[in-house]
Amino acid sequence: MAELNTGGGGGGHKGGKVRSKKASTRVDLTAMVDLAFLLITFFMLTTTLLKPKAMDLAMPDKDDKHPDQLPVPATRTMTILLGARDKVEWFVGEPGKTPPTTDHFGKDGLRKALVENSDKIKQTHGGQDMIVIVKPSDHSNYENLVSALDELSITGIERHAIVDITPVELELLKRDGNY
């Protein structure tokens, strides 16, 4: 039991007046300690903890080479180039043959382009899905890659890959001032 003793008994000094002994005041703190622990427990159990959000990302092994990979048709492929200063360039087809479009992230930028191109490719290729290739540059940041993957998830595009950027595509970013 926790208790608080305050002062106590007069006397104890030699040669002074004899005083009467005072009764010590005793405060029982058990109830207050119990209440504090009950409150701490209550608030710990009733608060919602921050749940981490994670996206599954399957990456192939670096050592594992697959010579039997199927070629990807350029007419069904949309390439997204991640540049500096939160800029993104995209094009459908092969680099250099179709001019890239500089865009931004968000519902009126990359998301709109993904939806429009996906619908167009499904119409022209008999319902086949669009394949998206994301290529981050050295000057892009991790947040841009996550934003691009979020946009793919929001639009429901399941066929996508993260690939190293080629020198031709790097020149496109430099030419447009996005590197």
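Read the figures in this text as sums done on the coordinates, not as results from a lab. Note that the coordinates shown come from a computational prediction; the quantities given were computed from them, not determined experimentally. Neighbour counts are summed over all protein chains in view; Cβ atoms, including those assigned to glycine, are modelled from backbone coordinates with ideal geometry.
Here are some notes:
- Cα-based shape type of the range 132-172, given that a ≥ b ≥ c are square roots of the gyration tensor eigenvalues and the cut on a/c is 1.5: oblate
- Summing charges over all other residues whose Cβ lies under 10 Å from the Cβ of GLN128, with Lys and Arg as +1 and Asp and Glu as -1, gives +2.
- Computed from the C-beta positions of ASP129 and LEU50 and an R0 of 30 Å, the FRET efficiency is 0.30 to the nearest 0.05.
- For a modelled paramagnetic label at ARG159, 7 Å from Cα along Cα-to-Cβ, the residues of the range 113-132 in reach, with backbone nitrogen under 17 Å, are 114-132.
- Spin-label proximity, HIS139 to the range 83-106 - amide N less than 19 Å from point 7 Å beyond Cα toward beta carbon: 83-91, 96, 100-105
- Considering only the range 74-175, percent of DSSP beta bridges that pair antiparallel, nearest 5: 45
- Cross-link table LYS97/LYS120; LYS53/LYS120; LYS87/LYS120; LYS51/LYS107, entries beyond 22 Å C-alpha to C-alpha: LYS53/LYS120; LYS87/LYS120; LYS51/LYS107
- Overall form of the range 64-146 per C-alpha gyration tensor (a/c, 1.5; a/b vs b/c): oblate
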